[in-house]
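What follows is one structure encoded as structure tokens, with my remarks underneath.
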Amino acid sequence: MNSNRKPTALSGALTAAAAICTVAAFSGGLLYLDQLIERPFTVTTASASNTSNPFPVDKEIGKILAERVDLRAESVGIVVGTIGPHGRSIVAHGKFAANNPRPVDGNTVYEIGSITKVFTGLLLADMVASGEVGLDDPLAKYMPEGVTVPERAGKAITLVDLATHRASLPSLPDDLQPPDTLNPYAAYTTEQLYRFLSRYQLPRDIGADFEYSNTGFGLLGHALARRAGVDYEALVSQRITNPLGMSSTAITLSPELAGRFASGHNSDLQPVPNWDLPAFAGAGALRSSANDLLNLLAMALSTETSPLTDAIAAASVKRKPVNYDTQIGLAWMVTETSSGDIVWHNGGTGGFTTFIGFHPASRTGVVVLSNSDTGVNDIGMHLLNRDIPLTEPKPKPVEAVIDPKLLDGYVGRYQLAPNMVFEITRDDDKLFAQLTDQPRLRLFPEGGHRFFYKDVEAAITFVQSDKGPSPSLTLHQFGNDISAPRVTD
């Protein structure tokens, strides 16, 4: 999940269109952008990296973090954990909060957003291995009496459809109307989620396309917890965090963990509230530390044996394509790079962005945790493969003064993708954009018919016409430019 002050879709989306739908609510992957779900990155294949894929020395990693915190002002405190043949290492820079000088470290607790999905996928793999559930079991088998799960073309939604984002379910339910946009999921109940599911009509065949869905992972978490007879947090504790000694990973924080919990910040480095996700726990509710997540990577890299070793191997098997160079396992994304596959996931909430990934060929892994909503994907990927560059700093747009009469020509509906429409509206001298199943966010004029968001890293340019309203707009996000023509009802 990800967002600056407003709901966002959980992080993890890989294409610009998908990202805007997932990145905004937890990274990012909503135009709440997922910050659950979550940022995409560029993979280069121009040169072959050393297959041992050594990390930079800690001092070099520290320089990267100092630049992000002190020079680029993109975070308040970042922690990087690395693991490999060299052992484990923690490099940290910054502080707990803008008004709290306490330095962050490997035990500092962060919201991890959509990295929670990795835990949900691991639970699924473990329960399949033990014979408690099957990948092809229908979701309906584990829903309460009275809840209807939609079907299409005679096919039912299965657990593996949910775990690979191919259930034809939206990023977020269309009835998510948060009374508090600073904590957008807090008031949405499990009962509301079930009611949404019972009335929802699938827009495409199940399994046909990848569509990053926090809705789907929220339901998967509920299904597994119901099968186990405990709530989601207890299931994670019993099956993952207790066996792996991850004592700093939880949803509900003890007083001791709360004392190590960093404050989240938006892109202006202003403090924002923490997020609560009672109905979407399996999609993005966990908090954790770098040291704890290195325990998870140690198991993934087989440097430490565990009852979950086979389950995490099964969870990271490539199952379905996402885009030209990435496939998905059970939640894990697997991207082909010049040095081999990188298995990863990111996360984002209103005030945090996170990354976890490993490089099986070199048996190395990385965790990056930041207490702001500016992405850290590039740091994690660069440390796992030096051919993948770090992002360059981007100047922040400056709000311009425009003639309010121009706004009328922008108002309308624009088709971004088959099932995604931008609704552009105005309120006095303010312009707003709302993408299908996402929140309504304000657009700020930058000049030249270009507008920018303050809530997500994106901008929109309207194409002008001498004969009437703008015929189309272009979405600028993650280095992509996507055209959306005007549509009529």
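The values are calculated or read from the model by the stated rules, or taken from the named source; none is laboratory data. Nothing here was measured: the structure is a model prediction, and the numbers come from that model. We place every Cβ from the backbone using ideal geometry, glycine too, and count neighbours over all the protein chains shown. All accessible areas refer to the heavy atoms of the entire protein, side chains included, with ligands and DNA or RNA removed. Shrake-Rupley method; radii C 1.70, N 1.55, O 1.52, S 1.80 Å.
Residues whose amide H comes within less than 5 Å of that of Glu446, counting only those at least five positions distant or on another chain, are Ala400, Phe451, Phe452 (H built at 1.01 Å from N in the peptide plane). Gain on full extension, evaluated as 0.36 nm per residue between Leu406 and Thr303 minus their Cα-Cα distance, stands at 31.0 nm. Normalised radius of gyration (Cα atoms, divided by 2.2 N^0.38 Å) for the range 317-433: 1.47. Of the residues Lys405, Lys318, the one with the largest accessible area comes first in the ranking Lys405, Lys318, computed with a 1.4 Å probe on protein heavy atoms. The dipole here belongs to the chain: it is taken about the Cα centre, uses +1 on the Cβ of Lys and Arg and -1 on the Cβ of Asp and Glu, and is about 200 debye.
Protection proxy ranking for 293-306, 103-116, 411-424, 333-346, using the average of other Cβ atoms within 10 Å per residue and placing the highest first: 103-116, 333-346, 293-306, 411-424.
Going by Cα centres, the range 219-249 and the range 360-377 are how many Å apart? The two parts, judged by their Cα centres, are 23 Å apart. Once divided by 2.2 N^0.38 Å, the Cα radius of gyration of the range 176-327 becomes 1.19.
Of the cross-linked pairs Lys63/Lys320; Lys59/Lys95; Lys117/Lys141; Lys117/Lys430; Lys318/Lys396, which ones have a Cα-Cα span greater than 26 Å in the structure shown? From Lys63/Lys320; Lys59/Lys95; Lys117/Lys141; Lys117/Lys430; Lys318/Lys396, over 26 Å: Lys63/Lys320; Lys117/Lys430; Lys318/Lys396.
In the chain, the DSSP-assigned H stretches of four residues or longer account for a calculated mean residue ellipticity at 222 nm of -5500 deg cm²/dmol, using -39500 (n - 2.57) per stretch and the full residue count as denominator.
Accessible surface of the chain, 1.4 Å probe: 50 percent of it comes from carbon and sulfur atoms.
Each peptide among 121-132, 218-229, 184-195, 348-359 gets the average number of other Cβ atoms lying within 10 Å of its residues, and from highest to lowest they stand as 348-359, 218-229, 121-132, 184-195. Rolling a 1.4 Å probe over the protein heavy atoms gives the range 214-293 an accessible area of 33 Å² per residue.
Here the range 422-458 and the range 333-354 have alpha carbon centers that stand 28 Å from each other.
Dipole orientation for the chain: of the candidates Ser483, Ala234, Val76, Val76 has the Cα lying most toward the positive pole (charges on Cβ; Lys, Arg +1; Asp, Glu -1). Projection of the Cα convex hull of the chain, averaged over all directions and equal to a quarter of that hull's surface, yields 22.2 nm². Using alpha-carbon positions, what is the distance between the centroids of the range 253-321 and the range 72-118, in Å? Using only Cα atoms, the two centres lie 12 Å from each other. Pairs of alpha carbons in the range 395-459 separated by more than 14 Å make up 56% of all such pairs.
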